Each structure stands twice: as structure tokens, then as C-alpha cells.
Amino acid sequence: MSDVKTPNTPLWEVFIRSRNGLAHKHVGSLHAADSTLALQAARDLYTRRGEGLSLWIVPSNAITASDPADKGMMFEPTVSKAYRHPTFYDVPDEVGHM
Amino acid sequence: MYTQGLSNPDTAAPAKAAEGAGLAARFQERVDAEERIEANDWMPDAYRRTLTRQISQHAHSEIIGMLPEGNWVTRAPTLRRKATLLAKVQDEAGHGLYLYAAAETLGRSREEMFDDLLSGKAKYSSIFNYPTLTWADMGAIGWLVDGAAIMNQIPLCRCSYGPYARAMIRVCKEESFHQRQGYEIMVALCRGTPEQKAMAQDALNRWYWPCLMMFGPPDGDSTHSDQSTRWKIKRFSNDELRQKFLDALVPQTEFLGLTLPDADLRFELGEGDATKDGARGHWRHGSINWDEFRQVLAGNGPCNRERIAARRRAHKEGAWVREAAAAYAAKQAKQKLAA
Ligand SMILES: [Fe+2]
Ligand SMILES: [Fe+2]
Ligand SMILES: [Fe+2]
């Protein structure tokens with residue numbers, strides 16, 4: 001039997017909200033035939049010790065990711081534009097905290 | 001450890017010139033700077049291959065590792081022991097799945113890796129090819145096997161490959177329960193009747209040497225270590241980890257009132273952590289039977305055939321479930337399109 005290739009099962013990404021007020025956070029991935037089974041598997045696999053209150057399941061192939069090779073082009077402007085940060089501006093000490 | 005099959009050298013061709021010394025140098029700089037490498041980042045082919053092999057072997061070990069303990073779930077002496085053993089075995093399934101997911105980020109599918117396990121092409125840790133003969137083996141496995149695994153896995157939480165490191169952080173959080181529940185079993189047996197204590201000693205006698213072997217061949221013989229160390233996949237050598245394990249093991253054994261089955265075990269004064277009596281140095285074990293280790297890795301251990309046969313049977317018996325789930329999912333998707 002092991003010479004027969006096992007067919008691939010779709011891949012899903014799992015997100016957990018650990019408590020109310022916090023965002024869902026990516027925790028990992030898993031394989032399942034459909035979203036119902038994926039949700040059940042995520043519960044078994046990622047929440048065995050009270051890790052969360054809410055689960056999101058997303059098909060992995062639905063995610064569009066930025067290319068690490070484009071890192072410079074994509075994210076460099078956030079570094080060079082220091083004037084986007086409050087510390088760039090001089091406010092006289094007498095004014096106090098602003 | 002869980003990836004002992006790595007000790008054979010990598011025979012792949014040297015990286016293509018087109019890949020450029022530049023990329024490789026940049027990669028090594030990032031590793032040296034303790035930056036984490038992520039799935040879509042450029043990496044040398046050999047790094048990818050080494051990690052795919054290491055992580056998938058580790059995953060296979062977790063999966064096969066469920067079998068020796070699964071053997072005792074229905075025969076646990078109390079409901080408490082049964083519930084904890086079941087939870088532990090379930091954790092090991094989880095570890096296997098986190099690890100397959102981490103390995104998949106390198107490009108091979110879980111199904112391909114799993115088929116390699118079933119066909120016998122892929123390796124898993126030698127330790128799971130030993131039988132679990134008595135209930136005391138559940139204590140010895142949690143205490144010693146999971147204890148050795150923790151020694152190996154804690155440094156892997158800082159592995160240069162991000163997905164592997166993150167999987168290891170989750171695994172390590174869960175492992176400490178495993179070791180503690182095993183030690184608790186040993187304490188209970190050692191405080192029990194003389195027969196129970198003898199059962200604990202017998203389990204220790206059988207697991208001590210195979211656990212020392214878990215860390216893999218001595219440093220001089222391990223061809224893979226240098227490159228893995230440069231790539232910051234490996235942070236400590238096999239012998240260093242084995243030493244840490246032994247130094248922790250001796251006082252724990254003394255507490256139980258048991259004896260390690262090692263006539264040459266001795267304390268050597270020198271550098272090292274202080275023991276509880278304030279002496280500095282290390283415990284030294286007697287010589288390990290590496291021939292036994294090689295035999296077990298080659299497939300000739302006491303339970304190799306049984307373990308793979310059990311996985312094959314489970315895979316075969318689960319085939320209709322996978323087929324039914326896939327057929328149902330396809331039908332639902334079709335209905336959704338039609339609606
Ligand atoms: Fe483990
Ligand atoms: Fe584990
Ligand atoms: Fe474990």
C-alpha cells in the first residue's frame with residue numbers, strides 16, 4: 001500500500017483570539033478536507049490548554065503574501081520618512097508633555 | 001536524537017554557481033546575526049534539504065512515538081493515569097502535526113513525507129523501537145525519553161529556521177508535563193510495594209542505555225554537525241547534550257532510590273555545575289554499545305517491524321475516511337457553486 005501515493009489534503013491557516021479585546025493571531029496550519037473538519041482539527045490541535053476563545057480558519061491558498069525580494073521597495077519608505085514619527089518634531093520644553 | 005538518521009553525509013551536488021557566492025554569503029551573515037530565516041527567503045539548497053530531512057524525521061518520531069505508550073492506555077492502573085497518558089499521547093500527535101507543517105514550508109507535502117515513513121525510506125528515532133513491557137515503562141518513558149527530548153528541543157527553539165523554531169516553542173511548553181507525569185509514576189512505584197519498586201528498577205535498566213543513545217553518535221563520528229552548527233540549526237553537540245542529560249539524571253535517580261545500570265558511572269571533578277553537595281564536575285557514563293544503536297537505526301531493533309506495520313495498518317484502515325471526507329468536500333463545493 002505504501003507504494004501508492006497518498007493524495008494531498010487542502011492546507012488551512014489557523015488564527016486564535018486568545019481573549020476578548022485581542023486580535024486573532026496566526027498560530028499555525030493544518031490539513032483538512034473542508035472548513036468544518038479544519039475547524040474541528042484546529043480545536044484539537046491548537047486549543048488543548050485554554051489557548052483561545054475564537055478560531056478563524058483560512059484556506060492557505062487564499063493568502064496573498066509579499067515577496068521577500070521586494071522587501072526594500074515595499075518597506076524602505078517607512079524607514080526614510082522619519083517625519084512620520086512624533087519624535088521628529090521639536091517642541092520647547094516649557095510646553096511640557098505633548 | 002529524533003533525527004539520528006542525519007548522521008549520513010549529504011551527497012548532493014555543490015550549489016550552482018548561478019546561485020552565487022553572494023547570496024550564500026549574505027545568507028550566512030543573516031544567520032550569524034541571529035536573524036530568523038523564513039519560508040520564502042532565499043536559502044542554500046543544502047540548508048533546505050537538511051532541514052526538510054531533520055524536521056520530517058522529528059515529525060515521524062513524534063508519530064511513531066505514540067505507539068509504545070498507546071500500548072498502555074487501556075491498561076492504565078487508575079482513571080487519573082489513563083486520562084494523563086491519553087492527553088500525553090494526544091500531545092505527541094500534535095507535535096507530529098506542528099512539525100509536518102513546519103517541514104512543509106520547505107516545499108515537500110506532508111503526504112509525501114508520510115509516504116516515505118510508511119515505505120521505510122524515512123528514519124525516526126531509535127528509541128521508539130524498544131518495547132513497553134510493563135506499566136513502569138510509562139514512568140520511564142515520560143521521565144527519561146521525554147526528558148532527553150527536552151534537552152534536545154530547548155536549543156532548537158533558537159534554530160535559525162523560523163517555522164521550526166516556533167514549532168519547537170509550542171512543543172517545549174507541552175513537554176514539561178510529559179516528563180513530570182512520568183517521574184510521578186516512578187515516584188509512586190518506588191514508594192509502593194517491593195514488587196512495584198522492582199518493576200521501576202527493571203524499566204530503568206532497560207531504558208537507560210537506549211536513552212543515552214538518543215543523542216546520537218559521539219561528536220567525533222557525526223559528519224553533519226559542523227555544517228548544522230554553522231547554520232545555527234544545532235547549538236550543542238551530541239555529547240554536550242548527553243552530558244547535560246546525565247548530570248540531571250543522576251540526582252533524580254538517587255531520589256527514587258534506584259540504581260543506574262552502569263557499572264562504570266563515576267563523578268569526575270572538574271569544571272561544571274555544582275552538585276547538591278557542592279562538588280563541581282560531571283557524571284561520566286560507561287561505554288555505549290553503538291553497534292546496538294546502528295542495528296536499531298538500520299531497522300533491526302526489537303520493534304521496528306511492528307511499529308511500521310502498525311502505522312501502515314492505521315493508514316490503510318483510515319483510507320476510506322479520507323476518501324469520504326474528500327468526496328463530501330467536493331460535493332459541498334459543487335453545491336455552493338450551483339447555488
Ligand atoms: Fe517527543
Ligand atoms: Fe513530543
Ligand atoms: Fe513528549
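Treating the range B:128-241 as a set of equal point scatterers at the Cα positions, no solvent, please give the Debye-formula log₁₀ I(q)/I(0) at q = 0.16 Å⁻¹. For the range B:128-241, the Cα-only Debye profile gives -0.80. Between B:ALA46 and B:GLU271, the modelled labels are 2.9 nm apart [label points 7 Å from Cα along Cα→Cβ]. Extension gain, A:ASN20-A:ARG43: 0.36 nm per intervening residue step, less the Cα-Cα distance, totals 6.5 nm.
In order along the range B:197-206, phi translates into HN-Hα couplings of 5, 5, 5, 5, 5, 4, 5, 4, 4, 7 Hz, rounded to whole numbers, per the Karplus curve 6.51 cos²θ - 1.76 cosθ + 1.60 with θ = phi - 60° and x for Gly and Pro. Ordered from largest to smallest accessible area (heavy atoms of protein chains, 1.4 Å probe), the residues B:LYS88, B:LYS232 come out as B:LYS232, B:LYS88. Take the Cα radius of gyration of chain B and divide it by 2.2 N^0.38 Å, N being the number of residues; the result is 1.08. Per-residue shielding of A:24-33, expressed as the average number of other chain Cβ atoms within 10 Å of the residue Cβ, stands at 5. Placing unit charges on the Cβ atoms of the charged side chains and taking the dipole of the range B:67-158 about its Cα centre, the candidate lying farthest along the positive direction among B:LEU79, B:LEU133, B:LEU118 is B:LEU79.
May I ask for the Rg/Rh ratio of the protein assembly as shown, computed from Cα atoms with Rh as the Kirkwood radius, given to two decimals? Dividing the radius of gyration by the Kirkwood radius yields 1.01. Other residues whose C-beta falls under 10 angstrom from the C-beta of B:GLY162 contribute a net charge of -1, scoring Lys and Arg +1 and Asp and Glu -1. A loss of 30 Å² or more of accessible area (1.4 Å probe, protein heavy atoms, ligands and nucleic acids excluded) relative to the isolated chain is seen in these residues of the range A:48-94: A:ARG48, A:ARG49, A:PRO68. Note that the range B:28-127 presents 37 Å² accessible area per residue, ligands and nucleic acids not counted, probe 1.4 Å.
For A:GLU51, no residue has an amide H sitting under 5 Å from its own, ignoring neighbours fewer than 5 places away on the same chain, with H placed 1.01 Å from N.
Surface composition of the range A:30-92: carbon and sulfur atoms hold 60% of the protein heavy-atom accessible area at a 1.4 Å probe. Rounded to the nearest 20 debye, the dipole size of the protein assembly as shown about its Cα centre is 1460 debye, using +1 on the Cβ of Lys and Arg and -1 on the Cβ of Asp and Glu.
What residues does the range B:311-332 have that are buried by at least 10 Å² of accessible area in the full protein assembly compared to the chain on its own, 1.4 angstrom probe? Buried on complex formation: B:ARG312, B:HIS315, B:LYS316, B:ARG322, B:ALA325, B:TYR328, B:ALA329. Exposed loop sites are taken as trypsin sites (Lys or Arg not before Pro) in a DSSP loop (any state but H, G, I, E or B) with at most 13 other beta carbon atoms within 10 Å; the longest stretch of chain A without one runs A:50-80. Each residue of the range B:58-63 is assigned a 3J(HN,Hα), and the resulting list reads 5, 4, 4, 4, 5, 5 Hz, derived from the Karplus form 6.51 cos²θ - 1.76 cosθ + 1.60 (θ = phi - 60°), x at Gly and Pro. To the nearest 10 degrees, how steeply does helix A:35-46 sit against the main Cα axis of chain A, on a 0 to 90 scale? With rounding to tens, the tilt is 70 degrees.
In a simple Cβ point-charge model (Lys, Arg +1; Asp, Glu -1; nothing else charged), the range B:126-263 has a dipole of about 620 debye relative to its Cα centre. On a per residue basis, the range B:212-291 carries 53 Å² of accessible surface, using protein heavy atoms and a 1.4 Å probe. Modelled spin-label separation between A:ASN8 and A:VAL95, with each label point placed 7 Å from Cα along the Cα-to-Cβ direction: 5.7 nm.
Amide H contacts for B:GLY272 (H built 1.01 Å from N in the peptide plane; partners 5 or more residues away or on another chain; cut-off under 5 Å): B:GLY281. Each label point was placed 7 Å from the Cα along the Cα-to-Cβ direction; for A:SER66 and B:ARG30 their separation is 1.4 nm.
Taken over the range A:28-98, the percentage of Cα pairs per 10 Å bin, counting from 0 up to the bin with the maximum distance, is 14, 23, 16, 22, 17, 7, 1. Taking every residue in A:6-14 and counting other chain Cβ atoms within 10 Å of its Cβ, the average works out to 4. Considering only the Cα atoms of the range B:51-172, their convex hull presents on average a projected area of 7.3 nm².
Note on B:109-115: average number of Cβ atoms from other chains within 10 Å of each residue's Cβ is 4. Each chain gives up part of its surface: B and A jointly bury about 2000 Å² of accessible area, both sides summed, for a 1.4 Å probe. Listed by chain and number, the lysines placed with their C-alpha closer than 26 angstrom to that of B:LYS123 are A:LYS5, B:LYS88, B:LYS173, B:LYS232, B:LYS234, B:LYS244, B:LYS316; residues fewer than eight positions away on the same chain are left out.
The values are calculated or read from the model by the stated rules, or taken from the named source; none is laboratory data. Keep in mind it's a predicted model, so treat the numbers as computed, not measured. Glycine also receives a Cβ, built like all others from the backbone with ideal geometry; neighbour counts cover every protein chain displayed. Calculation scope for accessible area: heavy atoms of the full protein, side chains included, ligands and nucleic acids excluded. Shrake-Rupley method; radii C 1.70, N 1.55, O 1.52, S 1.80 Å.
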